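Below is one structure, written out as structure tokens; comments come after it.
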């Protein structure tokens, strides 16, 4: 895959964008999906953020986001140091319907 850097932006000549290196240790990560997927690292996890209230560097509020990768080794190490929070949110593709009551429903 040919990449070119132009004014600080990396452009790919294909639709796929290679996995970013680990933001903690800099380890280059291989693609879990071959050459046809965007930033899908093997032995790493992708995190993205649409910004954060309180950030002094990134909170665009326009739908754009940043993305970073953490290799599995760094994620496991940081978790053992209690630097990673976890919350389980139920995944449900079916949303129950009910009749709307304008007096009680927002």
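Taking segment 31-57 as the region of interest, how many residues are in contact with a strand residue (DSSP E or B) (Cβ under 7 Å, 6 or more places away or on another chain) and part of a loop (DSSP other than H, G, I, E, B)?
The number of residues fulfilling the criteria is 6.
Of the residues that make up segment 78-88, is at least one part of a loop (DSSP other than H, G, I, E, B), within 29 Å of residue 23 (Cβ to Cβ) and in contact with a helix residue (DSSP H, G or I) (Cβ under 8 Å, 6 or more places away or on another chain)?
Step one: filter segment 78-88 for residues part of a loop (DSSP other than H, G, I, E, B), giving 81-88.
If we keep only those that are within 29 Å of residue 23 (Cβ to Cβ) too, we end up with 81-88.
Next, from what is left, pick out any that are in contact with a helix residue (DSSP H, G or I) (Cβ under 8 Å, 6 or more places away or on another chain): 84.
Yes, segment 78-88 contains at least one residue that is part of a loop (DSSP other than H, G, I, E, B), within 29 Å of residue 23 (Cβ to Cβ) and in contact with a helix residue (DSSP H, G or I) (Cβ under 8 Å, 6 or more places away or on another chain).
Taking into account only those residues within segment 58-68 that are in contact with a strand residue (DSSP E or B) (Cβ under 7 Å, 6 or more places away or on another chain) and assigned to a loop (DSSP other than H, G, I, E, B), which is nearest to residue 38 (Cα to Cα)?
The residue in question is 65.
Please work out which one of (1) more than 15 Å from the chain's Cα centre (by Cα); (2) loosely packed, with under 10 Cβ neighbours inside 10 Å is the condition residue 64 fails and give its number.
Among (1) more than 15 Å from the chain's Cα centre (by Cα); (2) loosely packed, with under 10 Cβ neighbours inside 10 Å, residue 64 violates only (1).
Within segment 44-61, restricting attention to residues that are more than 14 Å from the chain's Cα centre (by Cα) and surrounded by 12 or more Cβ atoms within 10 Å (Cβ to Cβ), which residue is farthest from residue 25 (Cα to Cα)?
59
Values quoted throughout were computed directly from the atomic coordinates according to the rules given, and no laboratory measurement underlies them. Predicted model, so just to flag it, every value in this text is computed and none were measured. Backbone-built Cβ (ideal geometry, glycine too); neighbour counts: all protein chains shown.
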